[in-house]
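The following block contains the structure, expressed as structure tokens.
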Amino acid sequence: MNDLTGKTVIITGGARGLGAEAARLAVAAGANVVITDVLEEDGLATAAELGERARFARHDVTSEEDWQRVVDHAVAEFGAVHGLVNNAGISTGTLLADESVAYFRKVLDVNLTGVFIGMKTVVPAMRAAGGGSIVNISSAAGLMGLALTAGYGASKWGVRGLSKIGAVELGTERIRVNSVHPGMTYTPMTAAVGIQQGEGNYPNTPMARVGEAPEIATAVVYLLSDDASYVTGAELAVDGGWTTGPTVKYVMGQ
Ligand SMILES: NC(=O)c1ccc[n+]([C@@H]2O[C@H](COP(=O)([O-])OP(=O)(O)OC[C@H]3O[C@@H](n4cnc5c(N)ncnc54)[C@H](O)[C@@H]3O)[C@@H](O)[C@H]2O)c1
């Protein structure tokens, strides 16, 4: 199940957090991976940990030139590209009325335009490979209105829409495009704002806890694999039920 043997996958933002975990599970499933990031030291360390089927490339996802270099590098190193995980992202934590226009634009540039450039750049290589799978990491914030996420939420709603457009345009070319919507998950991004692991630590969600990186990465590997051969244009929430709606844990009238 979820076998990636012989497939080459580019994973952006792969130096740490969800991207690094997706790279770990992809290599364990048999893939070659090219992890990319602006964090060079962490990226090199993660690639070294993953062994001979992993490479690191310094890459700013907002740069068209960087993107072409990364795709060319993956083809040169491993012969083809079969998968792309658009995972790199930055977050926000400011009320809409207080958000600066400059930061709003920056978040859209990294989280949405970066995904667009990645999809656009990888398509010729996937066509040459006879098909492929693009997994775009959106968020629970791309499925609901979440406070303090003006730029972030808008970018993640955009990623969700862009994924569906890609799915429609590329389906007959055997290139599948899906979005994954993690709920609050313990990574360096969320640890930095005080999120803690453990049962009961996230009470306003059905499972009352935050997610762990392997729980998200498993879904990514599934979508990359041929087990998901008929899955495209889907939005896979991996969020402990957070986006089901308000958590009401009692029966009316009792
Ligand atoms: N952790 C969560 O709770 C959560 C929830 C929903 C969605 N997500 C999404 O999952 C993805 C990974 O998040 P994470 O929690 O692992 O965060 P993280 O901060 O640990 O990792 C994100 C990585 O992206 C890299 N990055 C940032 N800007 C970049 C750029 N311009 N070019 C290349 N790389 C860049 C960072 O250096 C970092 O290594 C993000 O897209 C995030 O929005 C995370």
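Is the range 79-87 home to any residue that is more than 10 Å from the ligand (Cβ to nearest atom), over 19 Å from the mean Cα position of the chain (by Cα) and in a helix (DSSP H, G or I)?
No; the residues of the range 79-87 include none that is more than 10 Å from the ligand (Cβ to nearest atom), over 19 Å from the mean Cα position of the chain (by Cα) and in a helix (DSSP H, G or I).
Only one of 147, 141, 192 is open to solvent by 40 Å² or more (accessible area, probe 1.4 Å), within 13 Å of the ligand (Cβ to nearest atom) and closer than 25 Å to residue 101 by Cβ. Can you tell me which?
192
Contact list please: Cβ distance under 6 Å, first residue in the range 216-231 and away from the ligand (no atom under 16 Å from the Cβ), second residue modelled with pLDDT under 95 and of a type outside the set (A, V, I, L, M), pairs at least six apart or on different chains.
222/2; 225/2; 227/2
Okay, next question. Condition test on residue 152, is it open to solvent by 50 Å² or more (accessible area, probe 1.4 Å) and of a type outside the set (D, E, K, R)?
Against the criterion (open to solvent by 50 Å² or more (accessible area, probe 1.4 Å) and of a type outside the set (D, E, K, R)), residue 152 does not qualify.
Can you find, within the range 219-253, the residue that is surrounded by the fewest Cβ atoms within 10 Å (Cβ to Cβ) among those that are of a type in the set (Val, Ile, Thr), modelled with pLDDT of 95 or more and closer than 21 Å to residue 143 by Cβ?
The qualifying residue surrounded by the fewest Cβ atoms within 10 Å (Cβ to Cβ) is 231.
Another one. Looking at the range 195-206, which of its residues are open to solvent by 20 Å² or more (accessible area, probe 1.4 Å) and within 14 Å of the ligand (Cβ to nearest atom)?
195, 196, 197, 201, 202 - these are the residues of the range 195-206 that are open to solvent by 20 Å² or more (accessible area, probe 1.4 Å) and within 14 Å of the ligand (Cβ to nearest atom).
Now, a different point. In the list 52, 65, which residue meets the criterion of being in a helix (DSSP H, G or I) and open to solvent by 10 Å² or more (accessible area, probe 1.4 Å)?
From the options 52, 65, the qualifying one is 65.
Residue 72: farther than 19 Å from residue 217 by Cβ and away from the ligand (no atom under 16 Å from the Cβ), yes or no?
Taking the combined requirement at face value, the residue satisfies it.
Select from the range 169-189 the residues that are crowded, with 24+ Cβ neighbours inside 10 Å and more than 10 Å from the ligand (Cβ to nearest atom) and list them in ascending order.
Within the range 169-189, 175, 176, 177, 178, 179 meet the criteria.
Find the residue count for the range 16-45, including only residues that are more than 9 Å from the ligand (Cβ to nearest atom) and either in contact with a Phe, Trp or Tyr (Cβ under 7 Å, 6 or more places away or on another chain) or of a type in the set (S, T, N, Q) (or both).
Adding up the residues that qualify gives 3.
Can you confirm whether residue 120 is within 15 Å of the ligand (Cβ to nearest atom) and basic (Lys, Arg)?
no
Here's something else I'd like to know. Please tell me if residue 216 is outside any helix (DSSP H, G or I) and either at pLDDT 95 or above or within 17 Å of residue 16 (Cα to Cα) (or both).
Taking the combined requirement at face value, the residue does not satisfy it.
Sticking with this structure for a sec: State yes or no: is residue 74 surrounded by 17 or more Cβ atoms within 10 Å (Cβ to Cβ) and in a loop (DSSP other than H, G, I, E, B)?
No, not satisfied.
Quick one: residue 247 ticks every box in (1) out of contact with any Pro (no Cβ under 7 Å at 6 or more places or on another chain); (2) over 22 Å from residue 166 (Cα atoms); (3) in contact (Cβ under 8 Å) with a residue 24 or more places away in the chain bar one, so which box is it?
(1)
The values are calculated or read from the model by the stated rules, or taken from the named source; none is laboratory data. Bear in mind that the values here come from a model prediction, so they are computed numbers and not experimental data. Cβ: placed from backbone, ideal geometry, glycine included. Neighbour counts: every protein chain shown. For the accessible areas, the whole protein counts, side chains as well, though only heavy atoms, and no ligand, DNA or RNA atoms are used. Shrake-Rupley method; radii C 1.70, N 1.55, O 1.52, S 1.80 Å.
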